[in-house]
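Some notes on the structure that comes next.
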Amino acid sequence: MTKGKLWGGRFGEATDALVASFTASVDFDRRLYHYDILGSIAHVRMLAHVGVLTPAERDQIVQGLERIEAEIDAGRFDWKSELEDVHTNIEARLIEHVGEVGKKLHTARSRNDQVATDLRLYLRDGIDALRDALKHLQTAIVARAESEADTIMPGFTHLQIAQPVTFGHHLLAWFEMLARDGERLRDVRRRVNVLPLGSAALAGTSYPIDRAYTAKLLGFDDVARNSLDAVSDRDFAIEFVGACAVLMMHLSRMSEELVLWSSPLFGFVELADAYCTGSSIMPQKKNPDVPELVRGKSARVQGHLVALLTLMKAQPLAYNRDNQEDKLPVFDTLDTTLICLRVYAGLVETLSVRRERLAQAAGEGYATATDLADYLVRKGVPFRDAHEIVGRAVRVGLASGRDLAQLALGELQACDKRIAADVYDVLAPSGSVKARRHVGGTAPDEVRAAAAQARRRLAQDG
Ligand code: ARG
């Protein structure tokens, strides 16, 4: 009654049609086929290594699996949803190809340790692809930071003009955010790269398996130490999505800045035409769709993180079918994060920076007020008093619509007589940024040094 199924023996009645389609996952988990076959081949080699299969049986099964991989690669594989998932589809096809011996593939294994292995192999490659794309974007950012090391712009707190900074410095802040994401991904990869196979359904297996051998074949650094945990654990998937959610949050923040900066009201940067779209009604519009979409897509990845946490939170040990629901959030997280990183590298590379407009904006909003206070401190004024004096100078400026550097020496001296002609050096944004020369500071020479250090970090990161 359960024709074609690999678990039909116990059942007297066919699966209800709606239930069959409800429980099937092959429409989405077929994406794992390469890793499923990789894992099966390693498993079969291990079984032959310990004498559970003969070398001839091993070779027949391996050849059958390779043939199936070629069929799937070529789009010639007939996926059957009545066979539930990627694992049973491949196993059933193997039996069609190689006959009776194919039925031995599933010895000492369960779909529970199989799917956990597949997902780990898939994520290991996914993490490597993400880290490559991330490095590419970081390289683009460093290159722009180097060319904009001397470009002065207003720095913001509360989105109000705060103090002048260099554009290169701002870009290197982005670099640091992404560098932490790279570290997180590298760290997650260590916990991804552990072998569940051998755990079988939950309790391990009575065959004389050699898990270290399988691990070595698949490039895993270790074997999972508890069979119950190994089939039920999805921490690695949660951590992966978590690392991507933080990364996407960073891209979203960068996007918010690009959206603001490219608005004509700021006019700090112009996005390349190739990265924008127009409006169907307003002919003058050039819209920053790419950063807006990245900002929007970060919401999806955050949602996936919450979905996975919620998926796991009430599951008793060991495997439960709930876990089938882990795949779509994981797949979409990888796809989304990867494309956002790739599109972002081009966005940064093609950005035009409006240096004059940035310099002009840095001269507005009393951005060098702190520098004037520091100047007074150097003349022996306690900082609190200096703060008060500068506040008065700002009021003079506000009353006449002028910035501090535009006030006459006499007007400044009326606020405090210790102010001398050399004050104009610190009131210029260029003097302000140059003075911040320490590790992590915004001075052009520091930005150049930080960019060089960033390049070394990128080169070293293995
Ligand atoms: N399709 C299942 C999943 O993704 C495979 C494991 C099924 N195991 C089971 N005992 N029903 O989780």
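Check whether at least one residue in the range 111-130 is within 16 Å of the ligand (Cβ to nearest atom), open to solvent by 30 Å² or more (accessible area, probe 1.4 Å), not acidic (D, E) and not in a helix (DSSP H, G or I), and report yes or no.
no
Residue-by-condition table, conditions (1) open to solvent by 70 Å² or more (accessible area, probe 1.4 Å); (2) over 30 Å from R180 (Cβ atoms); (3) assigned to a helix (DSSP H, G or I):
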| residue | (1), (2), (3) |
| --- | --- |
| E411 | no, yes, yes |
| S432 | no, no, yes |
| G441 | no, no, no |
| A459 | yes, no, yes |
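Are any residues in the range 187-196 farther than 30 Å from V294 by Cα and open to solvent by less than 10 Å² (accessible area, probe 1.4 Å), and if so, which ones?
Looking only at the range 187-196, we keep the residues that are farther than 30 Å from V294 by Cα, and these are 194-196.
Selection gives L195, P196.
Scan the range 5-14 residue by residue and report those that are in contact (Cβ under 8 Å) with a residue 40 or more places away in the chain and open to solvent by less than 50 Å² (accessible area, probe 1.4 Å). Can you show your working first?
Just the residues of the range 5-14 that are in contact (Cβ under 8 Å) with a residue 40 or more places away in the chain, to begin with: 5-6.
Once the filter is applied, which keeps residues that are in contact (Cβ under 8 Å) with a residue 40 or more places away in the chain and open to solvent by less than 50 Å² (accessible area, probe 1.4 Å), the range 5-14 yields only K5.
Name the pairs whose Cβ atoms lie under 6 Å apart, with the first residue in the range 25-38 and closer than 14 Å to A92 by Cα, the second more than 11 Å from the ligand (Cβ to nearest atom) and open to solvent by less than 10 Å² (accessible area, probe 1.4 Å), and 6 or more positions between them or separate chains?
D36/I90; I37/L65
Residues in the range 79-109 that are over 32 Å from the mean Cα position of the chain (by Cα) and assigned to a loop (DSSP other than H, G, I, E, B): how many?
Of the residues in the range 79-109, 6 are over 32 Å from the mean Cα position of the chain (by Cα) and assigned to a loop (DSSP other than H, G, I, E, B).
Looking at the range 1-78, what helices (runs of 4 or more DSSP H) fall wholly within it and have at least 1 residues that are farther than 23 Å from P329 by Cα?
Numbers: elements: 17-23, 26-29, 33-49, 55-73.
Fully inside the range 1-78 and qualifying: 17-23, 33-49, 55-73.
Which of the numbered conditions does E364 fail, given that it passes all the others? Conditions: (1) farther than 30 Å from P288 by Cα; (2) exposed (fewer than 15 other Cβ atoms within 10 Å of the Cβ); (3) not hydroxyl-bearing (S, T, Y).
(1)
Only residues in the range 91-108 that are under 12 Å from L65 (Cα atoms) count as the first member; pair them with residues that are open to solvent by 20 Å² or more (accessible area, probe 1.4 Å) and among the aromatic types (F, W, Y), Cβ under 8 angstrom, at least 6 apart or cross-chain, and list the lot.
Every condition considered, the pairs that remain are R93/F77.
Inspect all residues belonging to the range 403-418 and state whether any of them is more than 19 Å from K379 (Cα to Cα) and basic (K, R).
So far as the range 403-418 goes, no, none of its residues is more than 19 Å from K379 (Cα to Cα) and basic (K, R).
I'm trying to understand the selection: among the residues of the range 212-242, which are away from the ligand (no atom under 16 Å from the Cβ), assigned to a helix (DSSP H, G or I) and either surrounded by 20 or more Cβ atoms within 10 Å (Cβ to Cβ) or of a type in the set (F, W, Y) (or both)?
Y213, T214, A215, L218, E239, F240, V241, G242
Any idea which of D385, D371, D445 is open to solvent by less than 60 Å² (accessible area, probe 1.4 Å) and not basic (K, R)?
Details: D385 fails: open to solvent by less than 60 Å² (accessible area, probe 1.4 Å); D445 fails: open to solvent by less than 60 Å² (accessible area, probe 1.4 Å).
Exactly one residue qualifies, and that residue is D371.
Does R31 satisfy being in contact with a Ser or Thr (Cβ under 8 Å, 6 or more places away or on another chain), open to solvent by 60 Å² or more (accessible area, probe 1.4 Å) and either under 19 Å from K327 (Cβ atoms) or within 15 Å of the ligand (Cβ to nearest atom) (or both)? Working first, answer last.
On the way: in contact with a Ser or Thr (Cβ under 8 Å, 6 or more places away or on another chain): no; open to solvent by 60 Å² or more (accessible area, probe 1.4 Å): yes; either under 19 Å from K327 (Cβ atoms) or within 15 Å of the ligand (Cβ to nearest atom) (or both): yes.
When the stated conditions are applied, R31 does not pass them.
What are the pairs with Cβ atoms under 6 angstrom where one residue, in the range 324-339, is of a type in the set (A, V, I, L, M) and within 16 Å of the ligand (Cβ to nearest atom) and the other, located anywhere, is open to solvent by 20 Å² or more (accessible area, probe 1.4 Å) and at pLDDT 95 or above? Sequence gap at least six, or different chains.
L328/F28
Right, A200: open to solvent by less than 40 Å² (accessible area, probe 1.4 Å), within 16 Å of L119 (Cβ to Cβ) and not β-branched (V, I, T) or not? Reasoning before the result, please.
Details: open to solvent by less than 40 Å² (accessible area, probe 1.4 Å): yes; within 16 Å of L119 (Cβ to Cβ): no; not β-branched (V, I, T): yes.
Against the criterion (open to solvent by less than 40 Å² (accessible area, probe 1.4 Å), within 16 Å of L119 (Cβ to Cβ) and not β-branched (V, I, T)), A200 does not qualify.
The values are calculated or read from the model by the stated rules, or taken from the named source; none is laboratory data. All figures in this text were calculated on a predicted structure; none of them were measured in a lab. Note that we place each Cβ from the backbone using ideal geometry, even for glycine, and neighbour counts take in every protein chain shown. Only protein heavy atoms, including side chains, enter the accessible area calculation; ligands, DNA and RNA are left aside. Shrake-Rupley method; radii C 1.70, N 1.55, O 1.52, S 1.80 Å.
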